[in-house]
Amino acid sequence: MVAAAMFRAAAMAMVLALSLSTCQAQLSSTFYAETCPNALSTIRTSIRSAIARERRMAASLIRLHFHDCFVQGCDASILLDNSPSITSEKFVIQNNNSVRGFEVIEQAKSAVENVCPGVVSCADILAVAARDASEYVGGPSWTVRLGRRDSTNASPGLASRDLPRFTDGLRSLIDLFGNKGLTERDMVALSGSHTIGQAQCVTFRDRIYSNGSDIDVGFASTRRRNCPATSPNGNRNLAPLDLVTPNSFDNNYFRNLLQRRGLLQSDQVLFSGGSTDSIVNEYNRNPSTFSSDFASAMVKMGDIEPLTGSAGIIRSICSRVN
């Protein structure tokens, strides 16, 4: 009886693995070559225009793709607004008043709909936008695999459970990323996107007022100037995640960690005497290795549980189901 149960469990695991493999295999860099050959150039033009207007948007678009893929896969569920049948993911603590760039994706979607209506998914636009954003600010580029379809539902419960928080410790982060099939190296590489972008005072207040041994005293003092000690004063005030080169995608994030100048607690734990210290050191020494690993990790992240084939839909407007 025990042997039979073990056999059934093994068979189920094999079916699941084959299903996931088949799903990912359907993604292709040439997916729209015949159905919408101008899709990528149309998206690129829209994304570049948005970042030219506001440099910070590059970081926001990369993060938006990340926050989509970690919740029921890369299916554009994060873009859905509240409706009678849908409870949006936008208002969980990790997203509320934080994740942004929704209007940029809608603009790109509208531009693509004008070229080839009903063909390109919002999920694919998110993936392409993240790549184009990285490239625009001097970061790596990569070949985006396409063919994702859009979900018809959202999951704030999964968003709350699966998205990292700025207070997370190293073990918690490793587990969250591991649950999505991402290694410690993938996690550190993806965290390197914090070489651009900004964070709100509420996310780093406890760290800069902690007087802890894991934060540089001068750095904490500088950050306190625009982040009052008492909440809610200044909660929404912004500070660059990388004080030195906040608008350029480079490897300075890792140098900051070595100097105990990680802005978020969830950043600094990557260099805190744990298993990821060696990876941080490596990326600090070798910017080209970081760049290559970041690109690979973004491709890997973009492959998390996509809807393909007859699953899901192609939304005509990203914020709602057709």
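Values computed for the structure shown
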item	result
Three-way shape call for segment 75-169 based on the alpha-carbon gyration tensor, with the a/c threshold at 1.5	oblate
Between 0 and 90°, nearest 10: helix 122-136 axis offset from the chain longest Cα axis	40 degrees
Nearest-ten-degree value, helix 39-53 long axis tilted from longest Cα axis of the chain	20 degrees
Linear extension gain, S278 paired with R165, 0.36 nm per residue minus alpha-carbon span	38.4 nm
Carbon/sulfur fraction of accessible area - the chain, other protein chains in place, 1.4 Å, %	53 percent
Two-site label geometry, R55 and V299: point separation in nm, points 7 Å out along Cα→Cβ	3.0 nm
Evaluated at q = 0.07 Å⁻¹: base-10 log I(q)/I(0), Debye formula over Cα of the chain	-0.29
Computed FRET value (nearest 0.05) for L243 with V119, which takes r as the C-beta separation and R₀ as 45 Å	0.55
Overall form of segment 126-169 per C-alpha gyration tensor (a/c, 1.5; a/b vs b/c)	oblate
Table column - 3J(HN,Hα) (Hz), segment 84-91, Karplus curve with 6.51, -1.76, 1.60, x for Gly and Pro	x, 10, 10, 9, 5, 7, 5, 10
Spin-label pair R48/F102, simplified geometry with 7 Å Cα→Cβ offset, distance in nm	2.8 nm
Hull-based mean projected area of segment 180-251, where the convex hull spans the alpha carbons, in square nanometres	6.0 nm²
Part-to-part distance (alpha-carbon centres) for segment 123-167 and segment 34-54, which is given in Å	16 Å
With Cα atoms, 0 to 90° folded angle of helix 2-25 axis to the chain main axis	90 degrees
Segment 26-76: C-alpha gyration tensor shape, a/c 1.5 cut-off, then a/b vs b/c	oblate
Ranked packing of 253-266, 164-177, most packed first, by mean Cβ within 10 Å	253-266, 164-177
Dimensions in Å of segment 215-322 - Rg and Dmax from alpha carbons	19.0, 56
The chain, relative contact order in percent, only Cα pairs under 8 angstrom and at least six apart counted	25 percent
Length gained when the stretch V217-A311 is fully extended (0.36 nm per residue, less Cα-Cα span)	28.6 nm
Full-extension gain in nm, K180 to R285, via 0.36 nm per residue minus C-alpha separation	35.0 nm
For segment 174-208 and segment 221-245, distance of Cα centres in Å	18 Å
Between segment 59-83 and segment 249-267, the alpha-carbon center distance in angstrom	25 Å
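The values are calculated or read from the model by the stated rules, or taken from the named source; none is laboratory data. Being a predicted model, the structure only gives us computed values, none of them experimental. Every residue, glycine among them, receives a Cβ derived from its backbone with ideal geometry; neighbour counts consider all protein chains shown. Surface areas here come from the heavy atoms of the whole protein model, side chains and all, with no ligands, DNA or RNA. Shrake-Rupley method; radii C 1.70, N 1.55, O 1.52, S 1.80 Å.
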